[in-house]
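The values are calculated or read from the model by the stated rules, or taken from the named source; none is laboratory data. Note that this is a predicted model, so its numbers are computed, not measured. Counting neighbours? That spans all protein chains shown, and the Cβs are built from the backbone with ideal geometry, glycine included. For the accessible areas, the whole protein counts, side chains as well, though only heavy atoms, and no ligand, DNA or RNA atoms are used. Shrake-Rupley method; radii C 1.70, N 1.55, O 1.52, S 1.80 Å.
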Amino acid sequence: MKVKNKSYSVLLVILSCLVALVATVSAVTIYQASTVNVITGTDSELSVFVGDIDRGHVSFEDSNLFSVLFSEDFSDITRMCVIKNQMETDGSFDADKKINISSYANRSRTISGENVSNDSENDSVKYRLDDLIKWGNYGFDFIPVTGTPSQLDAYIYSLVNNVDMPTVTSQDSVVHYDREEYYDVVYQMTEALNSTDDSNTYTIYLLVDRYKPVAGGKLTDYVANRKEYTELVSNICSSANDLFNNYTEYMEYGDKYGNGKTNVLYCYQLKNSEGKLVRYSNLSQNVKGLSNDDLSRIFTGHVKYACFNPDKLQTASNIESLNSVFMKNVISGYEYSFGDGSRVWLAIDESYGADDVYVRARSEYNKTSDVFYPACIALFASMIVYLILLVVMTIQAGKVLIIDEEGEKTQTVRPAKWDSIPVEIYAIVTGVIAVLAFSMLIYLYYETPGMKRMGGTGAAYVIWGAAVVLANAVLIPLYLMLVRKIKCKLMWKGSIAKWCVAKVKSGIIDVYDNGQLVIRTWLPYLLFLAFNLVLVLLGVGGIIVAFIIDILVGLLLYHETKTRNDIVAGISRISGGELAHKIDTSKMHGDNLALANAVNNIGDGISKAVNTSMRDEKMKADLITNVSHDIKTPLTSIINYVDLLKRENISDEKIRGYVDILDQKSQRLKQLTDDLVEASKISSGNISLNIEKINFVELIHQSAGEFSEKFEEKGLKIVLNLPAEPVHIMADSRGIYRVVENLYNNVYKYALEGTRVYVDMVNQENGPDGQKKKGVMLSIKNISADQLNISAEELTERFMRGDASRKTEGSGLGLSIAKSLTEAMGGNFSISLDGDLFKAVITFDAV
């Protein structure tokens, strides 16, 4: 038996690719014939689709091409006139024009170009226009200065007032930044200005006076503090950068829209920085003495015009694209120049005396294409042929001719060899191939020099032709495979979708067949049926009785097992946190009912206990916080007045002693309230930590030195046993210092006078969490002055103190705060007691 392929699919696919290529070439030709490409005044290419059919009965001035060109010119001329308003005086460039730095830098936040309200002296700083432009072109030189915020404030103050400078880190070398890089400098200076944390250092930059203000002097002569200096430097840099960029555009616009270089007539009436109305126009006649109505009559006398009154949003225009909404959107970016009384007049000089983009576009627009209609015919014919080929391929897909041994021929439909591949996989593979191929074509278009040399038209033929042929070669075989599968009824068979459905169905059946509910119900029931076989042996009567009993017992067992399963599910939900969940007991009886009610009661009890505990904890935290904050206000007043009393020359020793006692007790109360607030923040999780690398050895040395005087008051001698090399940990600097400070304060309050305090630091193989990584352990040991009749765990609880008589000053929060802060920073805190020996141990991971 012989099998011959009668579908001719390969040949038909190749033929369809050729027809698709012809259709693509025709479509690209039609588009190219209907598109006008012109070179604008800025040497950029502009492509506008106008439609070849429109050229016969629509004039150039009424075309979409003219509207696009005129809209672009309106935007450019508007910007040009705004820049002229900055650069010119009496119609010419004024290099000596005085620019108010503050007003110019903040012009976008004003309506008429006037200053943003500010009382600082730098509002009066003015520079020559030419100096700012050259400054922006050159860039900016800075001298970095590093210090804490208070040092930087004092440094600027010293420069302003010519007094001795504080100690800061200053680089002698000058750092140069290009005009576009000054943003980083301003950002760093602003960040330093907004910070008041003297534990960190920041860098500010002193601007080198490449050019002097009009009034002379240094920049520091015009400021009073660091904030004003930062604003002045920012204003100078932004003004110089903007003016240089505007000057570059000013020169380019002069080449494009200078007298005799454009057929666009314009007149703009703007407000200058002094609030006066000035006009900028390229009309041949003098426009200064003309009224607004006279100018409107002049411009509306042309074929195409647009007049706009920004005050009232009134527009007189016969150009479709230049409506009031569009013109308002363009002008909205320059409201500082368009104040009260501003006007805009635009028109086209229909004589087209200047050789500009309009002349070139008009010439291209009026050309007729010889290939437009033949290309339309070719496109239509190729589409008809392609549809015919598609129908033929659909009919012939899968057809084969079978010749048996006797020579008899039979035509039938069979799938191809590769049709066994699931359609989903074939679609994914073809999709990936198509994406990769199109990506390669795009890469070739933009990166291959040969494509660029072909120009836009030639490259369009190559790229679109290759894309369509590739898409046809990839998608047509997929389409034919789907047709063959449908004809052979194999679309569902062998597909991934069918496999997924079968797996889901099998899984559902398996769950049902092997579920706990079925096993616990039907297995005992079958055993019971086996036991009842005895009744079956008794005859027909026994069989009837056994059958009835078995059915009833089976139903009862099923119901009871299902009820028990509901109870177990309810317990699981309650244990998972759904304390409000209730088991439905409406259909339960006996033990199951009692068990379900007990479970419901347990849920209610747990829920009430949790709610009560949370409410009590919240009330306690709120009470501590509120009382502490309420005490702070009168306490601050007490401390201030006590301080005032101490400054008085009190001769009575007795009264002076009273004042000292008041001072001591008020400071103790202040420390207690601060501890309460901090403990409340830690317990509620409302604490911010800045984890960074810290030299633990250096911190212990520093803190020991700060407490040395206090320890000497009680005859305590601190013995340090620390590594010689630095040991680093990751912690919050303020937090870890507070931990060590609390431990030292605890030693100061409760240690036996005249004894030694041992501070040891050792490296460990394991960290605080027991993992095998390097750690560092700090231990502080001292002898307690009082007998310790309390456990180590109780000492770290809030408000717990080692002396039951509470004769020493303390809040009972120090160790609790130290433990909470240590654990919040990822460390471990522990306390051990051995008789009167007190030992506190802190463990962190070593960096």
Extension gain (nm, one decimal) between N597 and R756, 0.36 nm per residue minus Cα-Cα
50.8 nm
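Rounded to whole Å and sorted largest first, what semi-axes of the equivalent ellipsoid does the C-alpha gyration tensor of the stretch 363-442 yield via the square root of 5 times each eigenvalue?
Details: eigenvalues 361, 121, 14 Å².
Semi-axes from the Cα gyration tensor: 42, 25, 8 Å.
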L18 label point, 7 Å along Cα→Cβ, cut-off 12 Å on backbone N: hits in the stretch 461-495?
none
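Looking at this model, which pairs from K126/K227; K665/K714; K261/K328; K227/K646; K288/K312; K218/K271 are more than 25 angstrom apart at the alpha-carbon? Can you show the working numbers first?
Working: K126/K227 19 Å; K665/K714 20 Å; K261/K328 27 Å; K227/K646 36 Å; K288/K312 23 Å; K218/K271 32 Å.
Pairs exceeding 25 Å: K261/K328; K227/K646; K218/K271.
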Would you mind getting me the FRET efficiency between K498 and D584? Use the beta-carbon distance for r and R0 = 41 Å, nearest 0.05.
0.55
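Using just the Cα positions, wrap the stretch 269-421 in a convex hull and report its mean projected area in square nanometres, one decimal place.
Working: hull surface 81.7 nm².
So the Cα hull casts an average projection of 20.4 nm².
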For the stretch 322-370, what are the per-bin percents of Cα-Cα distances with bins 5 Å wide, up to the bin holding the maximum?
4, 14, 18, 14, 11, 16, 12, 6, 3, 2, 1
Which of the peptides 654-661, 247-254, 214-221 is most tightly packed, and how do the rest follow, judged by the mean count of other Cβ atoms within 10 Å per residue?
247-254, 214-221, 654-661
Give me the one-decimal nm value for the distance between modelled label points at K839 and A224, 7 Å along each residue's Cα-to-Cβ direction.
6.2
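Accessible area, 1.4 Å probe, largest first: how do T24, T585 sort?
The ranking, largest first, comes out as T585, T24.
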